[in-house]
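What follows is one structure encoded as structure tokens, with my remarks underneath.
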Amino acid sequence: MELQSKLSSALSSAVPSVKLLINGEFIESRSDQWRNVINPATQQVLARVPFATRQEMQAAVDSAKAAFITWRKTPISTRARIFLKYQQLIRENMTELASILTAEQGKTLPDAEGDIFRGLEVVEHAANIGTLQMGELASNVANGVDTYTINQALGVCAGITPFNFPAMIPLWTFPMAIACGNTFILKPSEQDPMVTMRLAELALEAGIPPGVLNVVHGGEEIVNTICDHPDIRAVSFVGSTRVGTHIYRRATMAGKRAQCMMGAKNHAIILPDANRSHTINNLVGAAFGAAGQRCMALSVVILVGSSQDWLPEIIAKTRTLSVNAGVEANTDIGPVISCAAKERVEELIAQGVKDGAQLVLDGRKPKVPDYPKGNFIGPSIFTHVTPGMSIYDEEIFGPVLCIMFADTLADAITIINANPHGNGTALFTQSGAAARQFEEDVDVGQIGINVPIPVPVPLFSFTGSRASKLGDLGPYGKQVIQFYTQTKTITARWFDDNVNAATVNTTISL
Ligand code: NAD
């Protein structure tokens, strides 16, 4: 016992701790519950992250509540300028941010820069808050009566984010909420919180005042406290369907607004007339990039008609992908986030074989000589996959592609619409008529036409359908302004005692 406590104190002094951000200060948690942040390529412990205590959570809410009193009335131009400065700081620190992200999350450095860049675009969007938050006005809705709307900040809002995009997804949440005049509590993934904390530091450097942005860490307990807390008005969640469904129910039962962007099983359809090399390159990148740990990964492909003949070429192209640590040049597939995630993906592959699917490319146990401890899984491909197999029914969230066959586009759309998830999908074709049929009939939020990962730019909102989304308004874009504001509609008539009725009724000749 004594040895254990000595070991744990030696570890805690050698390894940096991830701080909480409360009321503008980065503070050491007093929690007695911590977990390690681990480099998935090496198993090196990079930091320790606390599970914040109830008192720390309450302090974050108190500081956000107090800051709201002045922040809600801070001029739009002041708020907008902070985000102009923030986007500049993120650009200037891109290389450092990407290297933190790759170390703790595993994805390649170019993918890490992409992760940060897609978040940066939302920060740029937040700098447009002036026009985005404007209300509407109709004059003379009755004699001398005008009606107009104002979109006011709600109060304290919260965000709960997943491990797979630890820069982009936190940046989907707090910049737009804060630009609208709200104050915020962010709960990043406990698996890779370090790049998020660096982004929080830069946000303060950009001028976000104390208490306007707070960050707490933890898991189920702190998330439940966020859902239940009477002083939090809205919760934005991105993560798995299981957790998102729980959060949506719990938060809305407590009277909050909630938006939950959740799990996926994204299908691509390939028609025989598609551009062959473009399609295969795109498919392989979208299926295996970021080790399949993207909510928009194309994890199922339906080969329609004679495009089934493309199978050998798809396998051959996949074999060219290189599996290695994310910091190494020319890596295509980095490690998955944890040993547990690796084990789960390998178990699902084994189950797929038992269920009768054909494992035409087995990526288990790839050789990565310089990183023998990494959580690596090479790209794997199954054919003859059918609904009811766990590799099809579950989101694998690893570098595994399931291939199905269909005779017609209509049959392929039926397969997609029968799957519970509706996050993203893509069609590869050169036929406009087929594309039009697809976009009209498929019940999925994000649709790509010859675009494999159609994540919308921030002029639009991320969407999602069926099991992939709860709540009607999506993150960023115009929709999120509605989510993070309360619309007030004012109907006004003004009487001027100094102007007599005769004057008011006189028609002014122009
Ligand atoms: P996750 O649901 O396990 O975790 C997400 C967040 O919820 C984390 O902050 C975590 O601490 C918290 N959490 C975990 N378990 C909890 C519990 N029992 N109760 C309350 N809170 C809990 O998701 P993940 O593994 O970090 O991320 C991968 C998932 O996120 C995948 O399903 C992926 O499809 C999804 N995702 C969806 C989108 C989208 O926009 N639809 C984007 C990215 C990721």
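Residues that are within 15 Å of the chain's Cα centre (by Cα) and away from the ligand (no atom under 11 Å from the Cβ) within the stretch 472-490 comprise L473, G477, V480, listed in sequence order. Entry remark, the stretch 269-287: residues being assigned to a helix (DSSP H, G or I), more than 16 Å from the ligand (Cβ to nearest atom) and either closer than 24 Å to G374 by Cα or not small (G, A, S) (or both) number 9 in total. The conditions of being acidic (D, E) and in contact with a Phe, Trp or Tyr (Cβ under 9 Å, 6 or more places away or on another chain) are not met by E347. Among the residues making up the stretch 422-450, none is more than 16 Å from P272 (Cβ to Cβ), touching a residue at least 40 places away in the same chain (Cβ under 8 Å) and surrounded by fewer than 16 Cβ atoms within 10 Å (Cβ to Cβ).
Here N23 fulfils each of the conditions (1) touching a residue at least 24 places away in the same chain (Cβ under 8 Å); (2) at negative phi apart from (2).
Would you check if Q293 is under 30 Å from Q486 (Cβ atoms) and within 16 Å of the ligand (Cβ to nearest atom)? No. Determine, yes or no, whether V141 is touching a helix residue (DSSP H, G or I) at 6+ places or on another chain (Cβ under 6 Å) and either in a loop (DSSP other than H, G, I, E, B) or not acidic (D, E) (or both). The answer is no for V141.
Applying the criterion of being within 15 Å of the ligand (Cβ to nearest atom) and either in contact with an Asp or Glu (Cβ under 6 Å, 6 or more places away or on another chain) or assigned to a strand (DSSP E or B) (or both) to the residues of the stretch 160-183, the residue that is farthest from G106 (Cα to Cα) is I160.
Only helices (runs of 4 or more DSSP H) whose full extent lies in the stretch 301-414 are considered here, and the ones with at least 2 residues that are under 27 Å from A435 (Cβ atoms) are 311-319.
Bear in mind that the values in this text are calculations on the coordinates, not laboratory data. Please read all numbers here as calculations on a predicted model, not as lab measurements. A quick note on method: Cβ atoms are made from the backbone with ideal geometry, for glycine too, and the neighbour counts reach across all protein chains shown.
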